[in-house]
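Enquirer: What follows is a single structure, and I will ask about it in a moment.
Laboratory data are not the source of any read-out in this text; all were calculated from the coordinates shown. Everything numeric here is computed off the predicted structure, so don't read it as measured data. Here the Cβ is made from the backbone with ideal geometry for all residues, glycine too, and neighbour counts use every protein chain on show.
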Amino acid sequence: MSALAARLQGELNVARKAQDKERVLLLGTVLADIRNHEIAIKRLPTDDDVVEVIRKAIKRRRESVEMFEKGGRAEQAATERREAEALEAYLPAAPTDDEVRAAVRAAIVGGAKQMGAVMGKVMPAFKGRLDGNVLNRIVREELGTSP
């Protein structure tokens, strides 16, 4: 079991003892997602795999927030928002915009002139720490293209 998955399991046990039902549900769901991912990849997940599962869980919750807000269900949207924020605590620190911008500029100087080429060179350097939407925005700004 990866260190991050073990940390999640430990925090689940603490939440159970404290009878924190919301946290138990959240962590239990994420750990189930990790186990499902483990079955899919047919090996023990690494911390990078666990981060990927957590990112997907956060993305699902953000999409749910949008849907609940459109449907006028503010209470459910607030719950999903809280869960996404709680999961973000388990992600590695995101790079600053300046760090990303420097990497994008280096890729452009290195010969990448197209959006996909720049993103292809930069994304591996920040794997698991950078949201693709942030990178997309910065690449567009640096290449001078509009969305």
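Enquirer: Taking the Cα atoms of the range 3-88 alone, what are Rg (to one decimal) and Dmax (as a whole number) in Å?
Expert: Just the Cα atoms of the range 3-88 yield Rg and Dmax of 13.8, 42 Å.
Enquirer: Quick check: pseudo-label points 7 Å beyond the Cα along Cα→Cβ at residue 9 and residue 52, how many nm apart are they?
Expert: Between residue 9 and residue 52, the label points sit 2.1 nm apart.
Enquirer: Are there any trypsin sites (Lys or Arg not before Pro) in the range 15-67 that are in a DSSP loop and have at most 10 other Cβ atoms within 10 Å? List them by number.
Expert: When the trypsin sites (Lys or Arg not before Pro) of the range 15-67 are filtered for loop state and at most 10 Cβ neighbours within 10 Å, 42, 43 remain.
Enquirer: Right, another one. In a solvent-free Debye calculation with one equal scatterer on each Cα, what is log10 I(q)/I(0) for the range 17-147 at q = 0.12, 0.15, 0.19, 0.21 Å⁻¹, listed in the order of the q values?
Expert: -0.62, -0.87, -1.08, -1.15
Enquirer: A further question on this structure: Return a whole-number percent for the relative contact order of the chain, with Cα pairs under 8 Å and 6 or more residues apart as the contact set.
Expert: It comes to 18 percent, rounded to a whole number.
Enquirer: How about residue 113: which lysines have a C-alpha closer than 23 Å to its C-alpha, ignoring those fewer than 8 places off in the same chain?
Expert: Of all the lysines, those that pass the test against residue 113 - Cα under 23 Å, at least 8 places apart if same chain - are 121, 127.
Enquirer: GNM, the chain, Cα, under 10 Å: largest mean-square fluctuation among 27, 44, 91?
Expert: Per the Cα network of the chain with a 10 Å cutoff, 44 tops the list.
Enquirer: Next question. Taking the Cβ-Cβ separation of residue 123 and residue 43 as r and a Förster radius of 25 Å, what is the calculated FRET efficiency to the nearest 0.05?
Expert: 0.60
Enquirer: Given the peptides 94-100, 110-116, arrange them by the average over their residues of other C-beta atoms within 10 Å, most packed first.
Expert: 94-100, 110-116
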